[in-house]
Structures are given as C-alpha cells and as structure tokens.
Amino acid sequence: EIFMAKPIGDTPAEMLYGYTPDGEMLDNFPFVKAGGLEGFITIADIDGDGHHELIFGSNLLIGGRGFIHAWKTDGSGELPGFPLRPDGFTFINGANLGDVTGDGMLNLVALSYEQTFSPTDSTVINVYNMGISMETANVLFSTYKGSNTRTGLMPVPGDTDPDPDPDPVFAAIRFVNAAYHTMDQDITVWYNDSLILENAFFGYASDLLSLEVSEPFELTVASGEGDDLQLIYFETLDMEEDDLWLVFFAGDNPAGPAKEGEFPAGFYIYKDFKLQADDPESYDLLFFDAHNQVDFTADYIFYFEHGSEMEMDNFRGEFRGYYTIWNDYFGVTVVGPDGGWIWYNDFFEFEGYEAGDALTFVISEIYNDDYWYNYVDYPTVFLLPKTAGPFIYPGYAINNTEEQKMQDLGLTLYPNPATSHFTLSFEPNTAGSLKVELFDVTGRSVKSNEYVVEQGGLQNRELSVDGLSGLFFVRCTFNDQVFTRKIVVR
C-alpha cells in the first residue's frame, strides 16, 4: 500500500490517503479530520492485533498541545487512547518508533515545541511506553523517510541493499612483538593517523584489532620514547575482503637493509591464520618463526611430542604449518649443532585456551643476560596468549654435552594464584645464595629478597606480595643458575 497526506486547516477535510499498488483508493480512505499532516508517517502494529497502524503528527495546535495519531491501515478508525497530546506543536514532526530503554519493549518518541519566536521557547522530547514488545510490534517504517539511514530508500525483503555504496570491509589484525632489540623499548603502531597500539614490549601480543580495509591504509610502527621515536617499517596494505592477519615484529627488515633514520627491523605478515581447531575436541598448534638477530647457520631440528620434526635452517619469517593434539600437554625438543645440546620446551597447560581452539606459537630467541627474562641464546617456542598480554613461557631445561648450563631445581611456587604471600620450593644439590626478584609485565622490579642456602635438599622460602595484584614473573638466581616462573597475585 501507498500512504500520503497533505496539510489542511482546523476545518475537517480529507487529509490522509491510502492506495493499492495499482493506484486505486483503499476502502475507508481518505481520512477526514481537522488538522492535516506535513510530517512523516511511521508504521507498526502497536496494539498487537496482527494489523499495522499509521502513526503520524498533525499541523493542528489546540490549547497549546499537539497531536500524535494512530489509525488502522484498513481505515477503520483510530486506536483507543489516541491521539496523544504532547505539549507544544507537532507540526512537521512525527512519531519515531524504537526501544529507547533497552528492555525489548516498543517506545514512541515524538518531538514537540513552543513557537512564540522568543529566546524562552522550549523543545520537548516525549517518550511513551507502548506496552508491547518490539518483536510483536513488527515495525515497518520506524522514522523519517522510513529508515535510520535517512536515505529515503526502504529495502524490500529479498531485494539487494539499495545503497549504491558498499559496506566497509573490516579485517581482524593482531600484532606480536617478537623483536628482541626492542626489549627495553615499547612498540607503538598507528593506523593511518590513529594510534591503535602502544606499550607493546618484547614478548607481547595484542588483541585482535578490527581495522577497516576497504581502502588502502598505512601502518606506521615505531619504537622508543618521546623524541626518540624511530620508524621501523612502513607499508600500505590493500585488502578486498574480510580476513584475519597476524603481524610479527621481528629483528630483520624483510624489505632489506634499513634506510637511514629507520630502526633495523620489520614485520612479517601472515594472512588467514586460524582461530579454531578443525576438531572441537582437539587443539591445533600453529607455528610461526620470528627469530631475531641470531643467524642460525647450523640445522636446528625441532622434534614434537608426537614424533614430527622440522629443520630450523631458512626458517625465518615463515609459517610452518600446524599440528593437532588431543590433550593439554605439549612438548618440543630442539637439537642444536651436531647434537651438542638439547633444549626442551614443555607446556603443561594452555592458559586461557580450551579444546577446540587453535594455538599460535612463535619461535624466537632471548639472549640478554642483563634483562629480567634472562634466557640463554637458544631458539625458544612461546605460546601467544588468547587475549592481549605477555607470551606464555614454557617450562624448560638444557642438557649440553660440553657444559652443564642449567639444572632444573624442581622449582615450584604455591599457592598460585597467591594473595598475601607465596612459598618458593626448590631442591638444590649444594649450598649457596638465592636471590628472588619479582617483576611486573613491563619488566619493572617490584620486590627483591636474598636468602642463604646452607645445604642441599628440599628448601622452602616465603615471599610477601601484600599490596600487589596482577601477573608477575619470579626470577630466582641460585649461584650462577637462573630460573623464571610466573605467578598471579589476587
């Protein structure tokens, strides 16, 4: 049906017409009443009887109050309780239909106003509760021009979107800072001119960020603080469809040597990475290489729990496929040059993940003895957190045929999570000195204690965490051995 109206005066006359699609006048039309209509008509079933009503204002003002009418679309008359009488003119205005209060119930919103042409004239927003659900109301035309797009084009079920401009396309992009040389700096990222990521230190992964990719855009990446910001890499990415992107910051610029004034780093971009496992009862393990400054010239072989292996040589900046497991334990063994040493990476739980997830691992190396991570310069497998935060670090041990670099002291922390304190339990082979340091996720030292260990055997030491809250790293230095564990304080 087609409905239209015209303005009239205060004498009753034809003012609202209804036609069939063929242009024939509908039964019981036109409406005859005083006061015509120059505003818009909204349409909904506001009494829940399965038939729609025409809701509209009036250019008539009586006693300082306007009119909001609700007439049946079959022309049989006005609903009981109507017209509504808001204070002031409803001239040109109409009734907007929607759920204002968020309770799922239909509200009618009408604007009315005084018109004395003085600075004290007021405008009123009137909101009425219709006492019927939005679903039952079956709103067809909710506002001016029938749609909140204000285009005047009302889509018909089954038709394509009449808007000639396509909807913007968004891609989910996640940033991962695996660039060792930014260990003591923060990574900052701009999307065009908008800051989208800051304080992303080494060993940090962002959330999935939804960025519009309908048009080419620029990613500008910098590291440093204040006036020392330096450009790491610059790229324009043009995407034509929805995608998932993983961006690894790494130690070498994949575009070649750094230009003058640029930081010598770049990023690797992987497209269409997985978020879900193929089997809802399993985990899919994805492996990416983002190792940094060390040039691994020998073959480094990775042995996975189920016997698979892959070589490290020419591994940089690549996605290495995925493996499927059906439990929450995963181990990697790395064999070094000529089998001279073996590096174990063990994950006994996947924090924040559950069966049916795809887990993203990054292969990197850490070799700065002065920083709080304090791992040695061997390739290491890290698990990215499911949401923004630091990498999930594995349990580890090294056996070296030439030199025993590290022993596993059986180091455990309990309770974990902790509240006011936690106990550190370990079993050294000899006497010595123990230094226990607590670092927050930014690498800032928040607590440090030193203890004398007079003999070997099982030892327990207690550390207070009163006043602290969050995720922390515990670094234990026993003689010349260093061990790191995580603890949550609530």
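From GLU38, GLU78, grab the single residue that is free of Cβ contacts under 8 Å to residues at least 12 places away in the same chain, under 22 Å from THR20 (Cα atoms) and of a type in the set (D, E, K, R).
Working: GLU38 fails: free of Cβ contacts under 8 Å to residues at least 12 places away in the same chain.
Sole residue among the options that is free of Cβ contacts under 8 Å to residues at least 12 places away in the same chain, under 22 Å from THR20 (Cα atoms) and of a type in the set (D, E, K, R): GLU78.
Which pairs have Cβ atoms under 7 Å, sit 6 or more apart or on different chains, and link a residue in the stretch 56-75 that is closer than 11 Å to LEU37 by Cα to one that is open to solvent by 30 Å² or more (accessible area, probe 1.4 Å) and of a type in the set (Val, Ile, Thr)?
Filtered contacts from the stretch 56-75: PHE56/ILE41.
How many residues are at pLDDT 75 or above and either out of contact with any Ser or Thr (no Cβ under 6 Å at 6 or more places or on another chain) or at positive phi (or both) if we restrict to the stretch 270-301?
16
Of LEU37, LEU54, which residue is closer than 24 Å to ALA137 by Cβ, assigned to a strand (DSSP E or B), open to solvent by less than 40 Å² (accessible area, probe 1.4 Å) and not small (Gly, Ala, Ser)?
Details: LEU37 fails: assigned to a strand (DSSP E or B).
Going through LEU37, LEU54 in turn, the sole match is LEU54.
Within the stretch 93-128, how many residues are under 19 Å from GLU53 (Cα atoms) and either touching a helix residue (DSSP H, G or I) at 6+ places or on another chain (Cβ under 6 Å) or among the hydrophobic types (A, V, I, L, M, F, W, C) (or both)?
9
Please find, within the stretch 451-471, the residue that is least open to solvent (accessible area, probe 1.4 Å) out of those that are in a strand (DSSP E or B) and modelled with pLDDT under 80. Write out each step before concluding.
Residues of the stretch 451-471 in a strand (DSSP E or B): 451-453, 459-464, 470-471.
Cutting the leftovers down to modelled with pLDDT under 80 gives us 470-471.
Working: GLY470: 27, LEU471: 57 Å².
Filtering the stretch 451-471 for residues that are in a strand (DSSP E or B) and modelled with pLDDT under 80, the one least open to solvent (accessible area, probe 1.4 Å) comes out as GLY470.
Filtering the stretch 350-390 down to residues that are of a type in the set (Asp, Glu) and at pLDDT 60 or above, which residue is surrounded by the fewest Cβ atoms within 10 Å (Cβ to Cβ)?
The qualifying residue surrounded by the fewest Cβ atoms within 10 Å (Cβ to Cβ) is GLU354.
Considering every residue within the stretch 135-157, establish whether at least one is farther than 30 Å from ASP272 by Cα, small (Gly, Ala, Ser), in contact with a Gly (Cβ under 7 Å, 6 or more places away or on another chain) and at pLDDT 90 or above.
No, the stretch 135-157 contains no residue that is farther than 30 Å from ASP272 by Cα, small (Gly, Ala, Ser), in contact with a Gly (Cβ under 7 Å, 6 or more places away or on another chain) and at pLDDT 90 or above.
For the stretch 1-58, which positions are within 23 Å of ASN93 (Cβ to Cβ) and among the polar types (S, T, N, Q)?
Answer for the stretch 1-58, where residues must be within 23 Å of ASN93 (Cβ to Cβ) and among the polar types (S, T, N, Q): THR11, THR42, SER58.
Would you call ALA44 buried (at least 21 other Cβ atoms within 10 Å of the Cβ), in contact (Cβ under 8 Å) with a residue 60 or more places away in the chain and within 18 Å of LEU140 (Cα to Cα)?
yes
Determine whether the stretch 337-349 contains at least one residue that is assigned to a loop (DSSP other than H, G, I, E, B) and at pLDDT below 60.
Yes - at least one qualifying residue is present in the stretch 337-349.
For the stretch 158-196, give me the residue count where each residue is at pLDDT below 85 and outside any loop (DSSP other than H, G, I, E, B).
The qualifying residues number 8.
Residues in the stretch 434-450: is at least one modelled with pLDDT of 80 or more, of a type in the set (D, E, K, R) and under 28 Å from THR360 (Cα atoms)?
Within the stretch 434-450 (the criterion being modelled with pLDDT of 80 or more, of a type in the set (D, E, K, R) and under 28 Å from THR360 (Cα atoms)), the answer is no, since none of the residues qualifies.
The values are calculated or read from the model by the stated rules, or taken from the named source; none is laboratory data. This is a predicted model, so every value here is computed, not measured. For neighbour counting, all protein chains shown are included, and Cβ atoms are generated from backbone atoms with ideal geometry for every residue, glycine included. Quick note on the areas: whole protein, heavy atoms, side chains included, nothing else; ligands and nucleic acids left out. Shrake-Rupley method; radii C 1.70, N 1.55, O 1.52, S 1.80 Å.
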